[in-house]
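Enquirer: Here it is, the structure, as structure tokens.
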Amino acid sequence: MKSLLNKVIFSGIQPTGQLHLGNYLGAIRNWVNLQNMYHSNNRLIFCIVDHHALTDKFKIDHDATFEHSLHHDTLALTAALLASGISPDKATLFVQSHVPEHTELTWILSSIGPMSWLNKMTQYKDKKTKSSSLGLYSYPVLMAADILLYKANVVPVGDDQVQHVELTRDYAVRFNSLFCKPNEEFFPMPEYMKSEFPRVMSLRDGLKKMSKSDPSDFARINLVDDPETVMSKVRKAKTDSLSTIKHEESRPEVSNLLRIYSTLEGITLKEAEARFKTANMLSFKEAVAESIVKK
């Protein structure tokens, strides 16, 4: 991680229900590391973005339905963050909906930026259905408001969120050009800090992100899974017929397990490969499962 001084570091996480290994490695563990490394010389703000989670609650099948789980999910996520090491003495942790200025700034930003900016957002294109809500389409504006409201300088994100930080910069430039004097800047230009661990992928498909919405529980490791369940899921994880254990683009499932192992063990991918130079697939999977249980 790079050196930071007197910066505002902002990051948010959705309370989307049962937490899994992807949530822990991709966000929670990263937050704890950021907090412990940077809290003495910077301001860290971590937000439980419950307004964003609303976009997943409304569904239309034969009838319109709304999943009433947000209150429980928010409390569960808060407990998990505190149990994982987030400290109120080192960082600010709060719930998005408790600060109405988030939605107020969202409306202002949505009134000064063209729809063409949102039309380019790839996540909406990936997630949209015939019954998608306006909230799913416009939530990048809310994300921009989340960041700009605290005049954040640094935003830790995964690869799939970089485009959202770039959009936030567009809104900051537009706001500053409309409402500030020449050479003045109300909103600073936020920079993204890529997560040290890329997205954790499904145990069933190395090209899909690990998700709580996957119909198969064997596609993910839930944080509440007991050791026997973890071992069973990893043993049954999809791999391939090759005998070597290597991180290669053409082998997404094996590469995913190697990334999980190397991150949990605090070693490089090359070091992880070296540990399994003579191992078979079963012993490799058992080592990955043991590392997950241990950590």
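Enquirer: Suppose the filter is under 27 Å from Leu223 (Cβ atoms), open to solvent by 80 Å² or more (accessible area, probe 1.4 Å) and modelled with pLDDT under 95; does His98 pass it?
Expert: Taking the combined requirement at face value, the residue does not satisfy it.
Let's see how each residue does on (1) within 28 Å of Ile60 (Cα to Cα); (2) in contact with a helix residue (DSSP H, G or I) (Cβ under 8 Å, 6 or more places away or on another chain); (3) open to solvent by 20 Å² or more (accessible area, probe 1.4 Å); (4) of a type in the set (S, T, N, Q):
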site	(1), (2), (3), (4)
Leu118	yes, yes, no, no
Lys128	yes, yes, yes, no
Leu148	no, yes, no, no
Ala152	no, no, no, no
Val157	no, yes, no, no
Tyr171	no, yes, no, no
Phe175	no, yes, yes, no
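Enquirer: Can you pull out every residue in segment 188-216 that is open to solvent by less than 70 Å² (accessible area, probe 1.4 Å), in a strand (DSSP E or B) and either of a type in the set (S, T, N, Q) or modelled with pLDDT of 95 or more (or both)?
Expert: Passing the criteria: only Met201.
Enquirer: For residues that are open to solvent by less than 80 Å² (accessible area, probe 1.4 Å) and without any contact (Cβ under 8 Å) to a residue 40 or more places away in the chain, scanning just segment 130-146, find the one that is farthest from the chain's Cα centre (by Cα).
Expert: Ser132
Enquirer: Restricting the search to segment 249-260, which residues are touching a Leu at 6+ places or on another chain (Cβ under 9 Å) and of a type outside the set (S, T, N, Q)?
Expert: Arg251, Pro252, Glu253, Val254, Leu257, Leu258, Arg259, Ile260
Enquirer: Consider segment 223-258. How many of its residues are within 13 Å of Leu207 (Cβ to Cβ), of a type outside the set (S, T, N, Q) and in contact with a His (Cβ under 7 Å, 6 or more places away or on another chain)?
Expert: Total satisfying the criteria: 0.
Enquirer: Quick one: count up the residues across segment 226-248 that are at pLDDT below 95 and over 20 Å from Ala279 (Cα atoms).
Expert: 0
Enquirer: Which pairs do you get when a residue that is among the acidic types (Asp, Glu), found in segment 65-80, comes within reach of a residue that is part of a helix (DSSP H, G or I), reach meaning Cβ atoms under 9 angstrom, with the pair 6+ apart or on two chains?
Expert: Pairs found: Glu67/Asp56; Asp73/Asp50; Asp73/Ala53.
Enquirer: Check Ser11 against each of (1) within 12 Å of the chain's Cα centre (by Cα); (2) modelled with pLDDT of 90 or more; (3) under 18 Å from Thr263 (Cα atoms); (4) of a type outside the set (A, V, I, L, M) and name the one condition it does not meet.
Expert: (3)
Enquirer: Of the conditions (1) open to solvent by less than 70 Å² (accessible area, probe 1.4 Å); (2) within 30 Å of Asn176 (Cα to Cα); (3) out of contact with any Gly (no Cβ under 6 Å at 6 or more places or on another chain); (4) modelled with pLDDT of 95 or more, Trp107 satisfies every one except a single condition; which number is it?
Expert: (1)
Enquirer: Out of all the residues in segment 217-260, which are β-branched (Val, Ile, Thr) and open to solvent by less than 80 Å² (accessible area, probe 1.4 Å)?
Expert: Selection gives Ile221, Thr229, Val230, Val234, Thr239, Thr244, Ile245, Val254, Ile260.
Enquirer: Restricting segment 267-295 to residues that are of a type in the set (Gly, Ala, Ser) and out of contact with any helix residue (DSSP H, G or I) (no Cβ under 6 Å at 6 or more places or on another chain), which is farthest from Asp226 (Cα to Cα)?
Expert: Ala274
Enquirer: Test Thr16 against the criterion of being open to solvent by 10 Å² or more (accessible area, probe 1.4 Å) and under 13 Å from the mean Cα position of the chain (by Cα), and give yes or no.
Expert: yes
The values are calculated or read from the model by the stated rules, or taken from the named source; none is laboratory data. Computed from a prediction, not measured in an experiment: that's the story for all the values here. Positions of Cβ are backbone-derived with ideal geometry, glycine not excepted, and every protein chain shown enters the neighbour counts. What goes into the accessible areas is simple: the full protein's heavy atoms, side chains included, and nothing from ligands, DNA or RNA. Shrake-Rupley method; radii C 1.70, N 1.55, O 1.52, S 1.80 Å.
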